[in-house]
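Right, one structure below, let's go through it.
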Amino acid sequence: MSLSPLFVRLENELVSVIFDCQKATPELLYYGARLSAQTTTDMFNMLATRQEAKCSPAIEPRISLMPSYGEGFTGSPGLALIGEQQAWATGVTLKSVKQQGLSVVFEC
């Protein structure tokens, strides 16, 4: 059982950044105008529920901090391993979250 928080919230006077830590790797959930102090984790869960747009994939690709192949990510992976005779993939899992002030360290 993980002791990591469900969400990590960083903010200054103008901006809020919310990371969702409920999956294997942290995901950027919100980056924008500062959220109210009354914003709850239930509201973050609602924010994480994407609406399906017409003619789009039912499941939206994640905005993982360390994108890798096989996670619906279409750009360049954040970490790539290459072998001579076989393809390599990663299977990282979030182990700990250390937050201090306006900084956070995600250890996988």
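The values are calculated or read from the model by the stated rules, or taken from the named source; none is laboratory data. Keep in mind that what you see is a predicted model, and the values were worked out from it rather than measured. A quick note on method: Cβ atoms are made from the backbone with ideal geometry, for glycine too, and the neighbour counts reach across all protein chains shown. The accessibility values were calculated without ligands, DNA or RNA, using every heavy atom of the protein model including side chains. Shrake-Rupley method; radii C 1.70, N 1.55, O 1.52, S 1.80 Å.
Quick one: ranking E107, E11, E84 by accessible area, 1.4 Å probe, largest first, what do you get? Show your work: numbers first, answer last.
On the way: E107 90, E11 50, E84 180 Å².
Listed by decreasing accessible area, they come as E84, E107, E11.
Charged neighbours of F7, selected by a Cβ distance under 13 Å, balance to -2 (K, R count +1; D, E count -1).
Ranking C108, C21 by solvent-accessible area of protein heavy atoms (1.4 Å probe, all protein chains present), from largest to smallest, gives C108, C21.
Could you compute the net charge surrounding A37? Neighbours are other residues with a C-beta less than 11 Å from the C-beta of A37; K and R count +1, D and E count -1. Provide the component values of the computation, followed by the final result.
On the way: positive: R9, R34; negative: E11.
Overall, the nearby charge balance is +1.
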